[in-house]
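Notes to accompany the following structure.
What follows is calculated from the coordinates using simple rules that are stated; it is not laboratory data. Bear in mind the structure is a predicted one, so any value in this text is a computation, not a measurement. Please note: Cβ atoms are built from the backbone with ideal geometry, for glycine as well, and neighbour counts cover all protein chains shown.
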There are 2 protein chains.
Amino acid sequence: MSATADTESLTRSVEDYLKAIYRLSPEGRHASTSDIAHLLELSAPSVSGMVKRLSELGLCEHIPYKGVQLTDAGRRAALRMVRRHRLIEAYLVEFLGYGWDTVHVEAERLEHAVSDTLVERMAAALGHPAVDPHGDPIPAPDGSIDETAGTALADVPVGRTVGIRRVDEGDPERLRYLAALGLVPGVVVTLRDRQPFDGPVTVEVDAVRHVIGRELAQVVLCAPEDVR
Amino acid sequence: MSATADTESLTRSVEDYLKAIYRLSPEGRHASTSDIAHLLELSAPSVSGMVKRLSELGLCEHIPYKGVQLTDAGRRAALRMVRRHRLIEAYLVEFLGYGWDTVHVEAERLEHAVSDTLVERMAAALGHPAVDPHGDPIPAPDGSIDETAGTALADVPVGRTVGIRRVDEGDPERLRYLAALGLVPGVVVTLRDRQPFDGPVTVEVDAVRHVIGRELAQVVLCAPEDVR
DNA sequence: GCCGAATATTAGCCATACCTAAATTAGAGA
DNA sequence: TCTCTAATTTAGGTATGGCTAATATTCGGC
């Protein structure tokens with residue numbers, strides 16, 4: 001067998017690949033080379049090469065031309081990075097004046113540099129939060145995580161009142177727009193209308209109605225009003 | 001001329017070399033290849049190679065077989081790293097429960113990952129301190145720094161009362177020992193005795209006398225009682 | 001079942017940044 | 001001045017992690 005790559009001593013690149021594969025292979029599905037390449041903004045051959053090395057390290061399993069899946073070790077390492085990332089985000093927003101739209105980039109670099117000690121001290125300073133500023137769940141130190149996704153605002157039945165639970169952190173611009181509309185985690189909204197052919201949906205926030213495109217409504221995840 | 005390497009976009013290694021050269025070439029003197037190698041725990045040929053590239057980047061000047069000196073650009077970049085390092089140390093001690101003996105290693109990795117924004121926010125949270133937890137002066141954002149060194153405790157005249165100003169952060173063990181004796185920045189001490197042939201010195205701290213070796217007394221820098 | 005497009009991998013190359021071994025230079029003492 | 005040693009540089013090699021171009025595979029449509 002191969003060098004079982006202890007969780008320390010992974011390179012920055014390896015950590016990024018593991019996070020990407022984790023994100024792209026929900027429920028034991030396989031992540032494709034091109035999806036990984038797209039997410040990390042790398043060429044497909046670079047990904048092919050790295051995936052080969054990751055499987056030699058015992059961090060993932062690769063079925064050529066089919067896709068990639070994390071092993072238990074890989075998943076553990078990925079979740080460790082996710083925990084770091086989300087705790088760093090929470091810390092920067094809480095204590096250092098970052099906004100939920102700007103914090104991602106900073107965390108993306110810090111997550112590779114902080115020690116376990118520092119991460120746990122930030123967690124303690126925050127009171128061990130369950131979610132980050134975008135509502136994404138923070139894995140426990142042992143790697144356990146609540147992976148229930150919630151319902152996209154786009155799919156909420158008309159007339160139903162729900163609580164916003166989490167918002168995809170991908171695009172800062174989008175986050176700023178949503179914040180301006182008051183569509184942030186914790187807020188309660190009612191779906192008032194949905195137009196056909198992937199048309200816009202109308203949501204009522206705080207007695208004000210907003211019409212938002214279906215694509216936007218797809219990245220806002222909700223749960224029944226009283227959950228969490 | 002060469003690519004004038006804007007302050008961003010330096011690699012981690014380059015940043016470490018610049019800091020090392022800065023530290024080893026006080027007052028426009030030259031740093032030697034082997035000193036740099038020793039400080040960074042690298043082989044001498046590795047240093048030779050990197051120094052060549054640094055001078056191609058316009059960050060240092062190298063006279064073969066003589067030594068290395070930073071250019072203005074190199075010095076600016078080095079001081080930027082020193083500022084980051086010392087502010088990070090101050091922040092971790094003030095807000096995240098680090099001790100002055102453990103904070104160096106963490107800062108050593110974070111200094112390469114933080115953004116200018118984050119550094120300045122930490123500085124603001126601290127109230128823009130002038131020195132780090134070891135008493136080392138923190139360069140201003142524009143690179144200006146108070147480089148007056150102070151007098152080693154080993155060289156203070158017998159009978160003279162002085163204030164401890166800064167302590168070399170090199171060895172955590174040593175820092176713990178000094179802290180146990182109460183020999184930390186800000187404390188006022190009186191030199192009571194000095195034995196010949198590089199023998200120990202006796203200092204009085206808070207009405208208690210301690211005998212410490214000359215080597216230890218060499219890394220504790222002092223200033224006249226009322227300075228700072 | 002065959003074909004072509006899309007996807008993935010292999011081949012071969014480059015830069016960074018390290019290493020050891022060999023060659024060179026500087027400088028101090030006879 | 002000459003020589004010997006210590007410091008330094010050059011030569012040549014390795015691992016990581018990218019890239020482009022060429023090749024291989026898969027799979028949907030006919």
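A few remarks follow.
- Reachable lysines from B:K19, criterion Cα separation under 29 angstrom, eight or more residues apart if same chain: B:K52, B:K66
- Fraction of the pair-distance distribution of segment A:1-93 above 17 Å, Cα-Cα pairs, percent: 45
- Separation in nanometres of the label points that stand 7 Å from Cα toward Cβ, at A:E61 and A:E147: 1.5
- Normalised size of segment B:10-62, defined as Cα radius of gyration per 2.2 N^0.38 Å with N residues, equals 1.00.
- Label-to-label distance, nm, for residues given as B:E215 and A:A179 (7 Å Cα→Cβ offset): 5.3
- Packing order of peptides B:55-61, A:169-175, highest average first: B:55-61, A:169-175 (average count of other Cβ atoms within 10 Å over each peptide's residues).
- Exposure rule at most 13 other beta-carbon atoms within 10 Å, DSSP loop chymotrypsin sites (Phe, Trp or Tyr not before Pro): chain A longest free segment: A:66-196
- A:T7 paired with B:R76, simple spin-label distance in nm, labels 7 Å along Cα-to-beta-carbon: 4.2
- Gain in span if fully extended, B:E225 to B:E204, counting 0.36 nm per residue against the direct Cα distance: 6.2 nm
- Amide H to amide H, with H built 1.01 Å from N, A:R160 comes under 5 Å of A:L191, counting only residues 5 or more places away or on other chains.
- Each principal axis of the Cα cloud of the protein assembly as shown was taken in turn, and the coordinate range along them, longest first, works out to 91, 48, 47 Å.
- Think of it as helices only: each DSSP H run of n ≥ 4 in chain A is worth -39500 (n - 2.57), and spread over all residues that comes to -12000 deg cm²/dmol at 222 nm.
- Under a model in which nothing but the beta-carbon of Lys, Arg (+1) and Asp, Glu (-1) is charged, segment A:1-71 shows a dipole of about 180 debye around its Cα centre.
- On the basis of the beta-carbon distance and an R0 of 22 Å, A:A140 and A:E27 show a calculated FRET efficiency of 0.65.
- For segment A:137-161 versus segment B:71-147, the gap between their alpha-carbon centres in whole angstrom: 39
- The calculated P(r) of chain A, using every Cα pair and 10 Å bins from 0, goes 8, 29, 32, 23, 8, 1, 0 in percent.
- Ellipsoid semi-axes in whole angstrom, largest first, where each is sqrt(5λ) of the Cα gyration tensor of segment A:96-228: 30, 16, 13
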